[in-house]
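Right, one structure below, let's go through it.
The values are calculated or read from the model by the stated rules, or taken from the named source; none is laboratory data. From a predicted model like this one, the values you see are computed outputs, not experimental measurements. Positions of Cβ are generated from backbone atoms using ideal geometry, with glycine treated the same way; all protein chains shown enter the neighbour counts.
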Amino acid sequence: MICEHFINLRRIPRYRAALVVLCIEANYGGSVGVSRIADLIRSVDYKQTGNANQIWVRSRSNNEDGLEGIWTTDTLKACYTRSLINVMSSGNLFVCETRSFVTCKRNKHTRDADPDHILNELYKQLGNYRYETTYADDKPMQIAKTAITGKSPGCKDDLAFALSMSLHWNSMTRRERSFQALARSTGMNIT
């Protein structure tokens with residue numbers, strides 16, 4: 001499904017030759033899993049564009065250790081949420097101009113493959129985003145833990161989390177000299 005999503009992205013004229021920054025969370029698959037996903041997307045993109053340099057994989061360590069992917073921490077989640085709040089409060093969050101960009105398939109893991117359902121789910125998750133404090137009932141001296149979540153009973157927060165993560169790393173990536181050099185080499189105007 002990731003490859004199909006990427007192919008759909010490249011079909012949109014505006015994004016056909018765009019420089020794409022992948023922000024892949026490494027917490028569950030580790031850097032090996034991230035590299036596999038990145039290589040798969042690079043392969044699909046090369047077949048689409050004939051250019052192997054249009055994909056840049058974000059690394060929390062700026063790829064200094066040679067590993068791709070982002071290890072999410074509570075501190076980073078707070079940064080993601082701040083980026084999401086900034087964009088939403090400024091009125092700069094828009095739905096893509098084409099529904100074909102939303103890639104979803106009905107299978108045992110998806111309830112509904114309709115793009116409008118996916119977008120409505122995103123809106124619901126954004127509405128649930130909040131700080132949640134939990135207290136250990138059986139350990140009265142333990143410090144309460146505050147976390148950022150969009151989850152509620154029966155609902156996930158993966159869409160809202162992915163959006164907040166991409167907004168944060170978009171901002172951070174555009175500031176880096178290595179990305180600016182790569183972008184300029186492809187003719188992209190960075191403002």
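Things worth noting here:
- Yes/no for Glu121 being modelled with pLDDT of 80 or more and surrounded by 15 or more Cβ atoms within 10 Å (Cβ to Cβ): yes
- Within segment 44-92, the residues that satisfy the criterion of being modelled with pLDDT of 75 or more and surrounded by fewer than 12 Cβ atoms within 10 Å (Cβ to Cβ) are Lys47, Gly50, Thr73, Asp74, Thr75, Ser89, Ser90, Gly91, Asn92.
- Boolean, Val102 is under 19 Å from Ala162 (Cα atoms) and at pLDDT 65 or above: no
- Residue count for segment 147-178, restricted to those that are within 14 Å of Lys124 (Cβ to Cβ) and of a type in the set (Phe, Trp, Tyr): 1
- Verdict on Gly127 being on the phi > 0 side of the Ramachandran plot and exposed (fewer than 13 other Cβ atoms within 10 Å of the Cβ): no
- Residue that is nearest to Asp74 (Cα to Cα), among those in segment 116-133 that are among the hydroxyl-bearing types (Ser, Thr, Tyr) and outside any strand (DSSP E or B): Tyr129
- Residue check, Ser152 at pLDDT 80 or above and either surrounded by 12 or more Cβ atoms within 10 Å (Cβ to Cβ) or of a type in the set (Ser, Thr, Tyr) (or both): no
- Matching option when the condition is assigned to a helix (DSSP H, G or I) and either aliphatic (A, V, I, L, M) or in contact with a helix residue (DSSP H, G or I) (Cβ under 9 Å, 6 or more places away or on another chain) (or both), among Ala162, Ala147, Ala136: Ala162
- Of all residues in segment 170-191, those that are part of a helix (DSSP H, G or I) have Cβ atoms under 6 Å from Cβ atoms of residues that are surrounded by fewer than 13 Cβ atoms within 10 Å (Cβ to Cβ), 6 or more apart or on another chain, in Gln180/Ile190; Ala183/Ile190.
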